[in-house]
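Step one of this worksheet: look at the structure below.
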């Protein structure tokens, strides 16, 4: 006797959005350009936007950490001064 076990993962709840005219046009354009459904275009856009926001937050945190490092700030100022000297007179 063989026992087959099927695990059904629950699907996430659907989301309903009121996009307005501009949002609808943008979603339609995105779906058309990517050759995907509107639902897939919306999923992709949300995922890509979240990834972009995470990258931006990471870059902002890195910049803040560098600006809090006096050694880094001093080196950056030295490099900026050197670049000004290399540029020559205006």
Within segment 5-63, tally of residues that are surrounded by 10 or more Cβ atoms within 10 Å (Cβ to Cβ), modelled with pLDDT of 95 or more and not in a helix (DSSP H, G or I): 2
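Is it fair to say residue 75 is under 27 Å from the mean Cα position of the chain (by Cα), in a helix (DSSP H, G or I) and at pLDDT 95 or above?
No: the conditions fail for residue 75.
The values are calculated or read from the model by the stated rules, or taken from the named source; none is laboratory data. From a predicted model like this one, the values you see are computed outputs, not experimental measurements. Here Cβ is always computed from backbone atoms with ideal geometry, including for glycine, and neighbour counts include all displayed protein chains.
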